[in-house]
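Enquirer: Please read through the structure below; I'll follow up with questions.
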Amino acid sequence: MKIAMVAPEKLPLPGNGSVEICILGIARELAHRHQVTIISRQMQGLAATEQIDGITIQRVPATSPVRYTKAVIRLLSQQPYDVIQVDNRPRSMATIKRAFPRTPVVLYLHSLTFAQPGPSKLTLMKKADWIAVNSHSLRQRLGRRFPLVKHRMSVVPLGADLSRFRPVESSEEQIHLRTQFGVTKPFSILYVGRLIPGKGVDVLIRATALLQQQMPVQLLVAGKGPPYYMRKLRELAHKQKVHVSFRGQINHEHIDQLYRAVDCLVCPSQEHEAFGLVNVEAMASGLPVIASDNGGIREIIESGINGYLVTAYKRPQRFASYLYKLASNPTFAEKLGKAGRDSARTHFSWARTAMHLEATYTRLIRK
């Protein structure tokens with residue numbers, strides 16, 4: 001098959017956001033058997049055309065969403081494709097489908113953000129030959145918003161690079177990585193993601209403050225956010241006397257090393273999470289994960305089996321109690337981490353994601 005994958009207009013590939021990570025991870029797997037072209041945004045310092053792992057990445061200017069979509073259509077017109085996948089942009093997908101009515105066009109939605117309810121969005125969604133979503137939770141919510149197209153939606157779970165996201169192999173490796181990332185306390189907690197109010201980093205800081213009343217603990221925060229909110233988090237950490245290290249945005253090519261340097265990952269999301277890719281990456285790395293019982297996260301974690309789900313996730317005390325269970329019982333924490341790794345290997349690999357998409361592509365082409 002000749003497959004074109006269209007990234008959102010704001011996102012250059014490779015990139016550090018979850019959508020860019022997903023597109024590239026899936027494309028790498030598809031490229032083993034198919035001819036894959038990714039179209040993404042042109043950025044200074046990036047070539048207009050590049051080959052990565054058998055994938056052709058073509059970058060076009062994106063001064064606005066409309067101009068980006070027009071540039072994408074011009075590029076797609078240069079050669080025929082068997083299927084076109086558009087990620088997270090219903091409007092762009094509908095415009096591309098109008099330009100290529102005979103080519104199957106798949107919309108892959110990663111969140112609710114660009115699928116707000118209303119008749120105009122429904123009109124756009126109807127243009128898709130098929131809609132892939134990353135969790136049953138997302139499908140359920142989208143189905144309530146757009147019941148007329150729910151029958152076209154299928155769940156295609158995301159994954160991780162299981163060879164790169166792996167458990168630490170030796171105490172020497174872990175010591176080296178702890179030194180590299182400045183991990184000095186006996187028990188370390190990691191947060192990875194955007195630093196915005198809905199992600200609950202403030203709840204995690206308060207939970208860490210409660211835990212450090214019982215034992216030495218260190219919190220590492222990897223990600224970036226608005227300056228005003230970063231100041232609020234730093235002030236809160238100072239007020240709570242929490243030993244926290246704000247690491248900033250770490251390139252995704254190196255984030256696997258940070259997972260191997262710490263003792264657990266916490267995902268304290270306060271709003272609906274369609275999937276929660278960081279949880280899968282941490283589990284693949286053999287880390288025990290504590291996460292909010294929220295949206296698609298509960299499709300990844302079985303509480304008490306391969307991680308912990310926090311039901312009352314607005315309360316720092318709930319996170320602190322699960323953190324104490326891990327910190328006070330390293331043997332159990334290791335067991336939980338191994339179970340998480342097994343779950344990731346069984347259910348959450350990019351190979352599995354690509355297999356789901358291949359089946360859909362094949363059916364649409366034959367139809």
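The values are calculated or read from the model by the stated rules, or taken from the named source; none is laboratory data. This one's a predicted model, so the numbers in the text were calculated from it and none came from an experiment. We place every Cβ from the backbone using ideal geometry, glycine too, and count neighbours over all the protein chains shown.
Enquirer: Please verify whether residue 346 is in a helix (DSSP H, G or I), crowded, with 19+ Cβ neighbours inside 10 Å and of a type in the set (S, T, N, Q), treating the condition exactly as stated.
Expert: On the way: in a helix (DSSP H, G or I): yes; crowded, with 19+ Cβ neighbours inside 10 Å: no; of a type in the set (S, T, N, Q): yes.
Here the answer is no, as residue 346 does not meet what is asked.
Enquirer: Looking only at the range 28-72, which residues are over 29 Å from residue 355 (Cβ atoms) and among the hydrophobic types (A, V, I, L, M, F, W, C)?
Expert: Selection gives 43, 46, 47, 48, 60, 62, 66, 71.
Enquirer: Filter the range 226-246 down to residues that are farther than 16 Å from residue 198 by Cα, outside any helix (DSSP H, G or I) and not aliphatic (A, V, I, L, M), then give me how many there are.
Expert: 4
Enquirer: List the residue pairs whose Cβ atoms are under 7 Å apart, where the first residue sits in the range 114-127 and is in the same structural domain as residue 148 (by TED's automatic domain parsing), the second is of a type in the set (D, E, K, R), and the two are 6 or more positions apart or on different chains.
Expert: Taking only residues 6 or more apart or on different chains, the pairs are 114/89; 115/121; 115/145; 117/145; 124/91; 127/97.
Enquirer: Next question. From the list 139, 74, exactly one residue is closer than 28 Å to residue 297 by Cβ, in contact with a strand residue (DSSP E or B) (Cβ under 9 Å, 6 or more places away or on another chain), at pLDDT 95 or above and not small (Gly, Ala, Ser). Which is it?
Expert: Numbers: 74 fails: closer than 28 Å to residue 297 by Cβ.
Exactly one of 139, 74 is closer than 28 Å to residue 297 by Cβ, in contact with a strand residue (DSSP E or B) (Cβ under 9 Å, 6 or more places away or on another chain), at pLDDT 95 or above and not small (Gly, Ala, Ser), namely 139.
Enquirer: Does any residue in the range 247-258 that is touching a residue at least 12 places away in the same chain (Cβ under 8 Å) and assigned to a helix (DSSP H, G or I) come within less than 8 Å, Cβ to Cβ, of a residue that is among the basic types (Lys, Arg) and surrounded by 13 or more Cβ atoms within 10 Å (Cβ to Cβ) six or more places away or on a different chain, and which pairs are these?
Expert: Within 8 Å, the pairs are 256/164; 256/166; 258/247.
Enquirer: Can you go through 274, 282, 291 and tell me which one is surrounded by 22 or more Cβ atoms within 10 Å (Cβ to Cβ), under 15 Å from the mean Cα position of the chain (by Cα), small (Gly, Ala, Ser) and assigned to a loop (DSSP other than H, G, I, E, B)?
Expert: Values: 282 fails: assigned to a loop (DSSP other than H, G, I, E, B); 291 fails: assigned to a loop (DSSP other than H, G, I, E, B).
One residue alone meets the criteria, 274.
Enquirer: State which residue is surrounded by the most Cβ atoms within 10 Å (Cβ to Cβ) when the search covers only the range 55-68 and only residues that are out of contact with any strand residue (DSSP E or B) (no Cβ under 7 Å at 6 or more places or on another chain) and assigned to a loop (DSSP other than H, G, I, E, B).
Expert: So, considering only residues that are out of contact with any strand residue (DSSP E or B) (no Cβ under 7 Å at 6 or more places or on another chain) and assigned to a loop (DSSP other than H, G, I, E, B), the one surrounded by the most Cβ atoms within 10 Å (Cβ to Cβ) is 61.
Enquirer: Restricting the search to the range 69-117, which residues are in a loop (DSSP other than H, G, I, E, B), among the basic types (Lys, Arg) and surrounded by fewer than 22 Cβ atoms within 10 Å (Cβ to Cβ)? Show your work before the answer.
Expert: Step one: filter the range 69-117 for residues in a loop (DSSP other than H, G, I, E, B), giving 77-82, 88-89, 100-104, 110-117.
Those still in the list that are among the basic types (Lys, Arg) too: 89, 102.
Within the range 69-117, 102 is the sole residue that qualifies.
Enquirer: Here is a follow-up. Looking at the range 244-268 only, could you name the residues that are under 18 Å from residue 207 (Cβ atoms) and surrounded by fewer than 20 Cβ atoms within 10 Å (Cβ to Cβ)?
Expert: Let us first name the residues in the range 244-268 that are under 18 Å from residue 207 (Cβ atoms), namely 244-246, 262-268.
Of everything in the range 244-268, those that are under 18 Å from residue 207 (Cβ atoms) and surrounded by fewer than 20 Cβ atoms within 10 Å (Cβ to Cβ) turn out to be 245, 246.
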